[in-house]
Amino acid sequence: MKVIMLGAPGAGKGTQAKLISEKYGIPHISTGDIFRANIKNNTELGKKAKEFMDQGLLVPDELTCDLVVDRISQPDAAKGFILDGFPRTIPQAEALTNALNKRNEAIDYAIDVEVPDEVIVNRMAGRRACVSCGATYHMTYAAPAKEGICDKCGCELILRDDDKPETVTKRLNVYHTQTQPLIEYYTKAGVLHEFDGTKDINEIFDSITELLGE
Ligand code: ADP
Ligand code: ADP
Ligand code: ZN
């Protein structure tokens with residue numbers, strides 16, 4: 001099962017992708033997490049990506065596409081994967097389609113989590129991310145057992161630099177101009193399914209599992 005998540009920054013893609021990954025036993029591949037791990041390890045890719053991420057801009061396609069094509073070719077992705085945060089531009093979608101075409105494969109489901117911009121701004125202010133394992137929480141809607149501490153690994157939770165309100169507004173603009181055209185791209189491909197991302201986390205997940213099957 002090959003799935004991609006679409007939706008604005010903060011729509012809940014990562015939250016749902018994680019649940020899908022656990023239920024269906026397919027790897028959760030987040031380009032944001034890959035870039036943040038590279039930044040933490042101070043790699044060349046990390047240094048380049050950081051310049052764009054800090055400004056709320058997309059990392060250029062040249063730095064992103066090969067990375068993902070390579071990742072989905074790993075053995076653990078042979079029976080499927082869930083891509084979270086990729087593709088984000090039409091050229092990225094085309095690169096993905098071409099890579100899969102070569103293997104006689106295609107994306108089975110594009111899951112679009114729809115949330116209005118006003119709700120996003122509030123969600124991002126409350127999002128907290130683990131500095132170590134990348135797990136995501138929300139101060140109100142998905143709080144950790146102990147404030148400021150990751151349930152999964154015990155490390156510190158922080159507000160991401162790019163989740164500050166000024167940058168969020170910029171990222172939303174980038175989403176509307178560069179990423180939203182993918183809705184039409186995957187509608188034409190016949191695999192787009194829209195979900196109301198303003199509902200409860202579990203309610204959304206139930207609707208998604210209805211689509212993906214038990
Ligand atoms: P969000 O939670 O807002 O969806 P991500 O963690 O997916 O954010 O991404 C954080 C940042 O990493 C993006 O704002 C962008 O700078 C960069 N990034 C992640 N995925 C991509 C991608 N597919 N193409 C370009 N840039 C990306
Ligand atoms: P994305 O990966 O699309 O950027 P996240 O999954 O990180 O989004 O979610 C953004 C923030 O909103 C997080 O703090 C998360 O805990 C919270 N969140 C996710 N889904 C919901 C929901 N359905 N209702 C309320 N808060 C949510
Ligand atoms: Zn953690």
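Estimate the FRET efficiency between Gln178 and Val131 by the formula 1/(1 + (r/R0)^6), using the beta-carbon distance for r and 30 Å for R0, to the nearest 0.05. Walk me through the numbers before you get to the answer.
Values: r = 28 Å, r/R0 = 0.94.
For R0 = 30 Å, the calculated efficiency reads 0.60.
Please report, as a whole percent, how much of the solvent-accessible surface of the range 25-146 comes from carbon and sulfur atoms (probe radius 1.4 Å). Kindly include the intermediate steps, with their values, before the conclusion.
Working: 3200 of 6080 Å².
Summing carbon and sulfur atoms, their accessible area is 53 percent of the total for the range 25-146.
Roughly how many Å² is the accessible area per residue of the chain, as a whole number, for a 1.4 Å probe? Present the calculation step by step, with values, prior to reporting the outcome.
Values: 10860 Å² over 214 residues.
Solvent-accessible surface per residue comes out at 51 Å².
Mind ranking 126-135, 191-200, 80-89 by how tightly packed they are, going by the mean number of other C-beta atoms within 10 angstrom, highest first?
Values: 126-135: 18.0, 191-200: 16.0, 80-89: 22.6.
In descending order of packing, they fall as 80-89, 126-135, 191-200.
I'd like the distance separating the alpha-carbon centroids of the range 1-45 and the range 129-174, in whole Å.
Taking the Cα centre of the range 129-174 as reference, the centre of the range 1-45 is 14 Å away.
Over the chain, what is the relative contact order in percent, taking alpha-carbon pairs closer than 8 angstrom and at least six residues apart? Walk me through the intermediate numbers first.
On the way: 311 pairs, mean separation 62.1, N = 214.
This gives 29 percent for the chain.
Pull out the extension gain between Ile90 and Cys153, defined as 0.36 nm times the separation in residues minus the alpha carbon to alpha carbon distance; nm, one decimal.
On the way: separation 63, 0.36 × 63 = 22.68 nm, distance 3.62 nm.
Length difference between fully extended and current span is 19.1 nm.
Which of the residue pairs Lys40/Lys164; Lys23/Lys164; Lys48/Lys170 have a Cα-Cα distance greater than 25 Å in the structure shown? Before the final figure, lay out each step's value.
Numbers: Lys40/Lys164 19 Å; Lys23/Lys164 32 Å; Lys48/Lys170 19 Å.
The answer is Lys23/Lys164.
The values are calculated or read from the model by the stated rules, or taken from the named source; none is laboratory data. Keep in mind the model is a prediction, meaning the values are calculated, not measured. Don't worry about glycine lacking a Cβ; one is built from the backbone with ideal geometry, like all the others, and counts go over all protein chains shown. Ligands, DNA and RNA are stripped out before the accessible areas are found, and what is left, the full protein with its side chains, is counted by its heavy atoms. Shrake-Rupley method; radii C 1.70, N 1.55, O 1.52, S 1.80 Å.
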